[in-house]
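See below for the structure under consideration.
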Amino acid sequence: MSNTEQLKARRADAVANGVATRGIYAARAQNAELWDVDGKRFIDFAVGIAVNNTGHRHPKIMAAVAQQAEAFTHTCFHVAPYEGYVSLAERLNAATPGDFAKKTMLVTTGAEAVENAVKMARAFTGRSGVIAFTGAFHGRTLMGMALCGKVTPYKKAFGAMPPEVVHVPFPNAFHGVSVEQSLSVLDNMLKSSIDPERVAAMIIEPVQGEGGFNIAPPEFLRALRKICDEHGIVLIADEVQAGIARTGKMFAFEHAGVAADLVTMAKGLAGGFPLSAVTGRKEVVDAAPVGGIGGTYAGNPLAVAASNAVLDVIDEENLCARATEIGDKIIARLADIASRQGMEAIGDVRGLGAMVAFELVTDRDSNAPDTALTQAIVAEAEARGLIILPCGTRANAVRLLPPLTVPMDQLDEALDILEASIEAAINAKGA
Ligand SMILES: Cc1ncc(COP(=O)(O)O)c(C=O)c1O
């Protein structure tokens, strides 16, 4: 096997530049730990960007996949369907919020789930407009990127976007955007920019992922539910990053006590195997004509087997409660660090369950972003053996995504590394 330096050189020659990569080349991983090709150990608080909520290679998930591989690996659900897909659909229909009849379709990536949810909403309403939010991330396909609330790098250089997509400011108390302001812009928009009777769907992440772990206030989600009901707009909860036990509930929308019409999910859904889903109101899901949705690999049997095992593991190991416990511990530690003298660069600490971020600012009066410090903290952590990710529309937040199965001593070890990394980066900046 090549070492890291060799792989970096080979990657530079062989792989598209547009595919961003970190410098850690993985050799193996188990639960919360990952070893690179040079034998260096890391605690992994990125987990494949919120995918391995159940840890790397959970034994129960690996066993389910191995068992499925003995039977068959692919038939295409359109050609020879299989029970695992049907069972998973039944389970997702029951698990998603909303006391109404539901149906599910499976696809492969988060972006594909978003595309299909929009297609269903359009077919159901006979309208084409979509309302999204600033700072949103919904994927890199054509509609996905149009829905993203950040130009660089997601839309830059990629030509015309689909029409009738508008963006409303996502409320962000830390940056001075209140729920009232956001709702007022939405109200104006529906009067001045887009006829509500042309709007098929409104799509929102209950906690923005790439956008900086910004938490939609529950009253905001409830207000959106009301507006969608008034105008016959399909409300889509994009739970691709926040869903599947990450925030202390199976779906982050549950914190608001209202249900979306459609839920998109992926990432944590299949514990490291590529799978995504759209679950929602039966009549909306079934509005798509037969043959109009699906795909060759959609609902792959191995990924479906993994996903059914993921749902068992979440239940058996109480991972929703564990997400809350882990998140509380991280937030308490970060709040303590932020309260110390010399740590004023930590402008905000926020989180819902085990979806926690802190934002780096040049000063607490302006809250101006400190992107360089953010990068320095991520690099310091990597050097010390902790994988963390930056995020945020201003690229000045650090997000922490521990597996919900992380042993407590490794959580403590990771927080010690994080604290040392923050101090080192801040001291280096001051030097
Ligand atoms: C909220 C949200 N929606 C959609 C996507 C797109 O998912 P994928 O990268 O699997 O296409 C992501 C990916 O980060 C996401 O966080």
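Here the stretch 247-265 is the region considered, the condition is being under 20 Å from residue 224 (Cα atoms), in a loop (DSSP other than H, G, I, E, B) and not small (Gly, Ala, Ser), and the residue that is nearest to the ligand (Cβ to nearest atom) is 251. In the stretch 113-133, the residues that are assigned by TED's automatic domain parsing to the domain that holds residue 299 reach residues that are among the polar types (S, T, N, Q) with C-beta atoms within less than 7 angstrom, at least six apart or across chains, in these pairs: 113/264; 113/276; 114/264; 115/141; 117/264; 122/128.
Looking at the stretch 270-280, can you tell me whether even one residue there is of a type in the set (Val, Ile, Thr) and open to solvent by less than 30 Å² (accessible area, probe 1.4 Å)? Yes - at least one qualifying residue is present in the stretch 270-280. Within the stretch 99-112, is even one residue basic (Lys, Arg), over 30 Å from residue 396 (Cα atoms), out of contact with any Leu (no Cβ under 7 Å at 6 or more places or on another chain) and assigned by TED's automatic domain parsing to the domain that holds residue 256? Within the stretch 99-112, one or more residues are basic (Lys, Arg), over 30 Å from residue 396 (Cα atoms), out of contact with any Leu (no Cβ under 7 Å at 6 or more places or on another chain) and assigned by TED's automatic domain parsing to the domain that holds residue 256. For the stretch 134-183: of the residues being without any contact (Cβ under 8 Å) to a residue 12 or more places away in the chain and either of a type in the set (Lys, Arg) or within 22 Å of residue 265 (Cα to Cα) (or both), which is farthest from the ligand (Cβ to nearest atom)? Filtering the stretch 134-183 for residues that are without any contact (Cβ under 8 Å) to a residue 12 or more places away in the chain and either of a type in the set (Lys, Arg) or within 22 Å of residue 265 (Cα to Cα) (or both), the one farthest from the ligand (Cβ to nearest atom) comes out as 156. Looking at 321, 335, just one residue is within 22 Å of residue 176 (Cα to Cα), surrounded by fewer than 17 Cβ atoms within 10 Å (Cβ to Cβ) and hydrophobic (A, V, I, L, M, F, W, C), and that residue is 335.
Just a yes or no: is a residue in the stretch 96-118 within 16 Å of the ligand (Cβ to nearest atom), over 19 Å from residue 252 (Cα atoms) and open to solvent by 70 Å² or more (accessible area, probe 1.4 Å)? Scanning the stretch 96-118, I find no residue that is within 16 Å of the ligand (Cβ to nearest atom), over 19 Å from residue 252 (Cα atoms) and open to solvent by 70 Å² or more (accessible area, probe 1.4 Å), so the answer is no. I'd like the full set of residues that are open to solvent by 10 Å² or more (accessible area, probe 1.4 Å) and not hydrophobic (A, V, I, L, M, F, W, C), limited to the stretch 119-140. Matches in the stretch 119-140: 119, 122, 125, 126, 127, 128, 134, 140.
Somewhere in the stretch 376-390, is a residue part of a strand (DSSP E or B) and either at pLDDT below 95 or more than 21 Å from residue 208 (Cα to Cα) (or both)?
Checked against the condition, which is being part of a strand (DSSP E or B) and either at pLDDT below 95 or more than 21 Å from residue 208 (Cα to Cα) (or both), the stretch 376-390 yields at least one hit.
Give 133, 158, 170, 137 a once-over and let me know the one that is more than 22 Å from residue 285 (Cα to Cα) and in contact with an Asp or Glu (Cβ under 7 Å, 6 or more places away or on another chain). Answer to the check: 137. Checking 390, 403 one by one, the residue that is under 28 Å from residue 320 (Cβ atoms) and either open to solvent by 40 Å² or more (accessible area, probe 1.4 Å) or free of Cβ contacts under 8 Å to residues at least 40 places away in the same chain (or both) is 390 and no other.
If the requirement is being assigned to a strand (DSSP E or B) and closer than 20 Å to residue 86 by Cα, which of these qualifies: 268, 292, 280? Going through 268, 292, 280 in turn, the sole match is 280.
Selection within the stretch 206-224: residues that are open to solvent by 10 Å² or more (accessible area, probe 1.4 Å) and in contact with a strand residue (DSSP E or B) (Cβ under 6 Å, 6 or more places away or on another chain). The member of this set that is nearest to the ligand (Cβ to nearest atom) is 210.
When you scan the stretch 405-417, do you find a residue that is among the acidic types (Asp, Glu), over 23 Å from residue 150 (Cβ atoms) and assigned to a loop (DSSP other than H, G, I, E, B), even just one? No, there is no match, as no residue in the stretch 405-417 is among the acidic types (Asp, Glu), over 23 Å from residue 150 (Cβ atoms) and assigned to a loop (DSSP other than H, G, I, E, B). Considering the conditions (1) among the charged types (D, E, K, R); (2) touching a helix residue (DSSP H, G or I) at 6+ places or on another chain (Cβ under 6 Å); (3) on the phi > 0 side of the Ramachandran plot, residue 127 is excluded by exactly one of them, (3). Look at the stretch 345-358: where a residue is within 12 Å of residue 255 (Cβ to Cβ) and a partner is open to solvent by 10 Å² or more (accessible area, probe 1.4 Å) and assigned to a loop (DSSP other than H, G, I, E, B), sitting 6+ places away or on another chain with Cβ atoms under 8 Å, you get 352/248; 353/248; 353/249; 355/241.
Residues that are within 14 Å of the ligand (Cβ to nearest atom) and on the phi > 0 side of the Ramachandran plot do not occur anywhere in the stretch 71-78.
Matching residues to (1) farther than 24 Å from residue 48 by Cβ; (2) more than 19 Å from the chain's Cα centre (by Cα):
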site	(1), (2)
265	no, no
272	no, no
298	no, yes
305	no, yes
325	no, yes
335	yes, yes
338	yes, yes
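Considering (1) open to solvent by less than 40 Å² (accessible area, probe 1.4 Å); (2) in contact (Cβ under 8 Å) with a residue 40 or more places away in the chain; (3) hydroxyl-bearing (Ser, Thr, Tyr), the lone condition that residue 73 does not fulfil carries the number (1).
Of the candidates 233, 244, the single residue that is touching a strand residue (DSSP E or B) at 6+ places or on another chain (Cβ under 7 Å), open to solvent by less than 10 Å² (accessible area, probe 1.4 Å) and more than 16 Å from the ligand (Cβ to nearest atom) is 233. Out of 51, 37, one residue alone is open to solvent by 20 Å² or more (accessible area, probe 1.4 Å) and under 19 Å from the mean Cα position of the chain (by Cα). It is 51.
The values are calculated or read from the model by the stated rules, or taken from the named source; none is laboratory data. Not measured: the values here are computed from a predicted model. Every residue, glycine as well, gets a Cβ built from its backbone with ideal geometry; the counts of neighbours run over all protein chains shown. Keep in mind that these areas ignore ligands, DNA and RNA; they rest on the heavy atoms of the full protein, side chains included. Shrake-Rupley method; radii C 1.70, N 1.55, O 1.52, S 1.80 Å.
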